[in-house]
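Report on one structure; see the data block that follows.
The values are calculated or read from the model by the stated rules, or taken from the named source; none is laboratory data. What you see is a predicted model; the values in this text were computed from it and never measured. All Cβ positions, glycine included, derive from the backbone under ideal geometry; neighbour counts span all protein chains shown.
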Amino acid sequence: MTRHRSPRVLAVAAATALLAPPLLNAQASPSHHVAVPPAAARPEDVATVDGIVRAYYDVITGPAGQPRQWSRDRSLYIPDLRFVATGVAKNQPYARVMDHQAFVDATDSEFVHEGFYEREIHRVTRAYGNITQVWSTYEERRAPDGPVQGRGINALQLFWDGKRWWVASAIWFEEDPAHPIPQEFLP
């Protein structure tokens, strides 16, 4: 059976298909721009590690035709956050570095057009002082009970400022036949 690529991977792959360098920056002008007005964080989203991880998935999840919660999403992150989409294309590892706006612009159209459901299936958390590293294993679907379209790991670095949690960075890698998810990151 041919596995369908997830909308997140398709969006990143489309943006990097013609580029060969191992490290790629998202500085090219996007073909689709989404306005993201500022919004205050919801207290329940940022009060706990569980809350911020739950919100991280909730804001991008929804059926086809439903706008994503980009303002709420932006409220989870420190200023100048970087998303890093990693993978292997044409046998060459890559990292596409994006700010929040570049991520929104690269993924919104596909998420809204196709529907996108991403949920955490397992978590490994390590904390020290006011920092926490979350290894969050996810699965993606196009419908809530549809077939799994992809799995991978989101590695989130969180920061506690004394009042709330912030996502300081997010890097992810989607599972493929050459890179199965290690057992320690599975339920």
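Got a sec? Which of THR125, THR132 is under 22 Å from SER169 (Cβ atoms), surrounded by fewer than 16 Cβ atoms within 10 Å (Cβ to Cβ) and touching a residue at least 40 places away in the same chain (Cβ under 8 Å)? Talk me through it step by step, then tell me what you get.
Working: THR132 fails: surrounded by fewer than 16 Cβ atoms within 10 Å (Cβ to Cβ).
Answer to the selection: THR125.
Taking the stretch 146-174 as the range and being of a type in the set (D, E, K, R) and either surrounded by 17 or more Cβ atoms within 10 Å (Cβ to Cβ) or modelled with pLDDT under 95 (or both) as the test, the residues that pass are ARG151, ARG164, GLU174.
Within the stretch 90-116, being buried (at least 19 other Cβ atoms within 10 Å of the Cβ), touching a Pro at 6+ places or on another chain (Cβ under 9 Å) and farther than 26 Å from GLN66 by Cα holds for one residue alone: TYR94. For the stretch 69-79, the criterion of being aliphatic (A, V, I, L, M), under 22 Å from ALA155 (Cβ atoms) and either touching a residue at least 40 places away in the same chain (Cβ under 8 Å) or crowded, with 18+ Cβ neighbours inside 10 Å (or both) is met by at least one residue. For the stretch 89-99, the criterion of being free of Cβ contacts under 8 Å to residues at least 24 places away in the same chain and more than 17 Å from the chain's Cα centre (by Cα) is met by at least one residue. Checking ARG82, ARG96 one by one, the residue that is modelled with pLDDT of 95 or more and closer than 16 Å to VAL167 by Cβ is ARG82 and no other.
Go over the candidates GLU139, GLU118 one by one and state the one that is under 22 Å from ASP50 (Cα atoms), within 12 Å of the chain's Cα centre (by Cα) and free of Cβ contacts under 8 Å to residues at least 40 places away in the same chain.
Values: GLU118 fails: free of Cβ contacts under 8 Å to residues at least 40 places away in the same chain.
Of GLU139, GLU118, the one residue that is under 22 Å from ASP50 (Cα atoms), within 12 Å of the chain's Cα centre (by Cα) and free of Cβ contacts under 8 Å to residues at least 40 places away in the same chain is GLU139.
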